[in-house]
Amino acid sequence: MYLLAGFAASLGSSVGGDGNGHTALDRRMMRRCVELAKRAAGKTRPNPVVGCVVVNDEGLVVGEGFHEKAGGPHAEVVALKYAGIHSAGAKVYVSLEPCNHFGRTPPCVDALLNAGVGEVFVGMVDPDPRTAGKGVDRLKENGVKVRVGIEEELCQSANEGFSYRIRNKVPLGTWKYAMTLDGKIASDTGSSKWVSGEAARSIVQRVRSESDAIIVGGNTVRVDNPRLTVREYRSDGLQPIRVVMTSTMDLPKNARLWDVSDARTIVFTRVSAAESKPELYDHLLKCGVEVMLREEICPRFVMEHLYGEGAMNVLWECGGKLAAEAMRNGCIQNVIAFLAPKLIGGMEHSPLSNFGLQDMSKALNVCNVRFEQVGKDFVFYGRVENTG
């Protein structure tokens, strides 16, 4: 079902330019496009999320839509369908450049031209080489006025994973953890339920819902026995791929992750580990778990495999040792850290184990940091510098 809030409603004055020739109406409409696009976050792999709004010459919204899933109609097609005859001569706002190639669906440029739209406002150029400016050029060649770069930073943030995947041929990695004020993700006994409060855990559900895969290590499976499913924000039943990395295959036989009725589970392990535990290996296969065998496993290989699955955004919910390996392999770009006002003490269970840095001057910097208070906890968001 496509969202049509604000359909045929007046959007007020278009005055108030930003110095780039973009009016207040332009910016408002592009923000609406991004809002629509994010309705499908985590559901479109390997496609980007896109929102589109059609506005007539009186400043009324006559159609809007978003790309709901791969293989489904693109945002422009949905919005034009709702706009109908009102598309002729209308202004079209779209968060990502309209595609100009045949994939599972025809080019969106064709739909815009056939509808006779008058002007197209593009949030950002598509980084996909199949489009990459070609959609804008073709619209201009056919007499359609095109303006690019409205709320560009906002549009780019909505498709950060898609753009990273295109540039680097691997998904974007986000490391999520929760710790106490004294820097512990668990007590010395391994107890970690719960470091953060209920409100913070709701944010975790949202982050999971926007991810294509979630990675944990064997120790997390043994200690926490997680489901790693999205219990909020998803009404379509689509779940992220659940991934377990284990070099020893020291895993419980009755883990919740082996129930694949709601979500896929992939275990990455060494050939020698599977050979040493044939009963567990056979049990996982009978449960429907996918087991990937390698002589050695590393985070980079797992990310390359997930790229082949179409993943754009991968969430690392692992312990300190695996997080360090992922960091060392360049598999983590973003960090989401929950800080709880608690003290537990102890010598174990830091968020990040040693990954080769001994001098504070060599520490990795986290930039673009922002934070918010959620209940009693704080959540920090940031980008690891020089990670693409």
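Contact map, the stretch 162-179: first residue in contact (Cβ under 8 Å) with a residue 40 or more places away in the chain, second residue part of a helix (DSSP H, G or I) and acidic (Asp, Glu), Cβ cut-off under 8 Å, separation 6 or more or different chains; pairs are 169/304; 170/304; 172/160. Collect the residues in the stretch 231-249 that are at negative phi, surrounded by 15 or more Cβ atoms within 10 Å (Cβ to Cβ) and modelled with pLDDT of 90 or more, keeping them in residue-number order. Hits for the stretch 231-249 are 239, 240, 241, 242, 243, 244, 245, 246, 247. The set of residues from the stretch 169-201 being polar (S, T, N, Q) and surrounded by fewer than 16 Cβ atoms within 10 Å (Cβ to Cβ) comprises 187, 189, 191. When the stretch 208-234 is filtered for residues that are under 26 Å from residue 47 (Cα atoms) and of a type in the set (A, V, I, L, M, F, W, C), the ones remaining, listed by number, are 213, 214, 215, 216, 228, 230.
Filtering the stretch 107-117 down to residues that are part of a loop (DSSP other than H, G, I, E, B) and either basic (Lys, Arg) or at pLDDT 95 or above (or both), which residue is surrounded by the most Cβ atoms within 10 Å (Cβ to Cβ)?
Looking only at the stretch 107-117, we keep the residues that are part of a loop (DSSP other than H, G, I, E, B), and these are 107, 116-117.
Next cut, either basic (Lys, Arg) or at pLDDT 95 or above (or both) only: 116-117.
Details: 116: 12, 117: 22.
Out of the qualifying residues, it is 117.
Which count do you get for residues in the stretch 376-388 that are of a type outside the set (D, E, K, R), loosely packed, with under 15 Cβ neighbours inside 10 Å, assigned to a loop (DSSP other than H, G, I, E, B) and touching a residue at least 24 places away in the same chain (Cβ under 8 Å)? Let's see the steps before the verdict.
Step one: list which residues in the stretch 376-388 are of a type outside the set (D, E, K, R), which gives 378-382, 384, 386-388.
Add one more test, that the residue is loosely packed, with under 15 Cβ neighbours inside 10 Å, and what stays is 380, 386, 388.
Then drop every residue that is not assigned to a loop (DSSP other than H, G, I, E, B), which leaves 386, 388.
Narrowing further to those that are touching a residue at least 24 places away in the same chain (Cβ under 8 Å): 388.
Within the stretch 376-388, residues that are of a type outside the set (D, E, K, R), loosely packed, with under 15 Cβ neighbours inside 10 Å, assigned to a loop (DSSP other than H, G, I, E, B) and touching a residue at least 24 places away in the same chain (Cβ under 8 Å) number 1.
The set of residues from the stretch 343-366 being out of contact with any Phe, Trp or Tyr (no Cβ under 7 Å at 6 or more places or on another chain), under 21 Å from residue 175 (Cα atoms), touching a residue at least 12 places away in the same chain (Cβ under 8 Å) and surrounded by 10 or more Cβ atoms within 10 Å (Cβ to Cβ) comprises 348, 349, 350, 352, 353, 354, 355, 364, 365, 366. Could you tell me whether the stretch 357-368 includes any residue that is within 12 Å of residue 176 (Cβ to Cβ) and out of contact with any helix residue (DSSP H, G or I) (no Cβ under 7 Å at 6 or more places or on another chain)? No, there is no match, as no residue in the stretch 357-368 is within 12 Å of residue 176 (Cβ to Cβ) and out of contact with any helix residue (DSSP H, G or I) (no Cβ under 7 Å at 6 or more places or on another chain). Can you find a residue that is modelled with pLDDT under 95, part of a loop (DSSP other than H, G, I, E, B), more than 16 Å from residue 238 (Cα to Cα) and in contact with a helix residue (DSSP H, G or I) (Cβ under 9 Å, 6 or more places away or on another chain) anywhere in the stretch 44-53? No: the stretch 44-53 contains no residue that is modelled with pLDDT under 95, part of a loop (DSSP other than H, G, I, E, B), more than 16 Å from residue 238 (Cα to Cα) and in contact with a helix residue (DSSP H, G or I) (Cβ under 9 Å, 6 or more places away or on another chain). Scanning the stretch 323-344 for residues that are under 21 Å from the mean Cα position of the chain (by Cα) and of a type outside the set (Val, Ile, Thr) returns 323, 326, 327, 329, 330, 331, 333, 334, 337, 338. Residues that are touching a strand residue (DSSP E or B) at 6+ places or on another chain (Cβ under 7 Å) and within 15 Å of residue 53 (Cβ to Cβ) within the stretch 82-97 comprise 82, 83, 86, 87, 90, 91, 92, 93, 94, 95, listed in sequence order. Cβ-Cβ contacts under 8 Å between residues 6 or more apart (or on different chains), taken from a first residue in the stretch 25-36 that is free of Cβ contacts under 8 Å to residues at least 12 places away in the same chain and buried (at least 24 other Cβ atoms within 10 Å of the Cβ) to a second residue that is small (Gly, Ala, Ser) and outside any helix (DSSP H, G or I), are absent.
Please find, among 308, 319, the residue that is closer than 17 Å to residue 267 by Cβ and modelled with pLDDT under 95.
Result of the check over 308, 319: 319.
Selection of the stretch 223-278 for residues being over 23 Å from residue 193 (Cα atoms), in a loop (DSSP other than H, G, I, E, B), of a type in the set (A, V, I, L, M) and over 21 Å from the mean Cα position of the chain (by Cα) yields 249, 260.
Which residue is nearest to residue 377 (Cα to Cα), if the candidates are limited to the stretch 351-366 and must be within 26 Å of the chain's Cα centre (by Cα) and assigned to a loop (DSSP other than H, G, I, E, B)? Steps first, please.
Quick first cut of the stretch 351-366, residues within 26 Å of the chain's Cα centre (by Cα) only: 351-353, 355, 364-366.
Next, from what is left, pick out any that are assigned to a loop (DSSP other than H, G, I, E, B): 351-353, 355, 364-365.
Working: 351: 17, 352: 20, 353: 23, 355: 28, 364: 24, 365: 23 Å.
Across the stretch 351-366, the extreme among qualifying residues is 351.
The values are calculated or read from the model by the stated rules, or taken from the named source; none is laboratory data. Given the structure is predicted, the values throughout are model-derived calculations rather than measurements. Cβ sites come from the backbone with ideal geometry, for glycine too, and all protein chains shown count toward neighbours.
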